[in-house]
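Worksheet: the structure to be examined is printed underneath.
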Amino acid sequence: MQLQESGQMYLETILILTSGGRAVRSIDVCEYMGFSKPSVSRAIGLLKSGGFITVDGDGYITLTDEGRLVATKTYERHRVITKFLVTIGVPEEIASADACKMEHHMSDESFEALKKHIGA
């Protein structure tokens, strides 16, 4: 299953929220992303049916191996692009917002060249 940009963003959010061993539920995703419960519920269902996450009986979300791979790739792109933009003078808040848009559309070749250029 090919994920859309929004699916990648949800997986990235789940990765960020679960870092440090924190248990995450849909409400945590709602609060972090600022989305409504119905929107998050629908996305969680799609990610679950796509095999990117599991949800236990208490509503706790876990990334599958495939979900973790996508989330890690997306988050790495976000961090590297943000770092690059900050180094060329973009304020961090703007750099982070722009990186969020760019991370989903940049080719692997361009990303690897950027990563090499900044030594990341």
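Values in this text are rule-based calculations from the coordinates and carry no lab data. The structure presented is a predicted model; accordingly, all values stated were derived computationally and were not measured. Ideal geometry is used to build each Cβ from the backbone, glycine not excepted, and the neighbour counts take in all protein chains shown.
Could you work out [θ]222 nm for the chain from helices alone, using -39500 (n - 2.57) per DSSP H run of at least four and dividing by all its residues? Round to the nearest 500 deg cm²/dmol.
That comes out to -21500 deg cm²/dmol.
At R0 = 41 Å, how high is the FRET efficiency between ILE94 and SER39 if r is their beta carbon distance? Nearest 0.05 is fine.
That gives a FRET efficiency of 0.95.
Calculate the dipole size of the stretch 13-116 relative to its Cα centre from +1 charges on Lys and Arg beta carbons and -1 charges on Asp and Glu beta carbons; express the result in debye to the nearest 20.
On the way: 13 positive and 14 negative charges, 13 e Å.
Approximately 60 debye in magnitude.
Label the stretch 5-69 by shape, choosing from rounded, prolate and oblate, from the square roots a ≥ b ≥ c of the eigenvalues of the Cα gyration tensor; if a/c is under 1.5 it is rounded, and otherwise prolate applies when a/b is larger than b/c, oblate when it is not.
Details: a/c = 1.22, a/b = 1.09, b/c = 1.11.
Rounded.
Give, in nm to one decimal, the length gained when the segment between GLU112 and ARG25 is fully stretched (0.36 nm per residue of separation minus the Cα-Cα distance).
The span from GLU112 to ARG25 would gain 28.0 nm if fully extended.
By the scheme Lys and Arg +1, Asp and Glu -1, what is the net charge of all other residues having a beta-carbon under 10 Å from that of LEU11?
0
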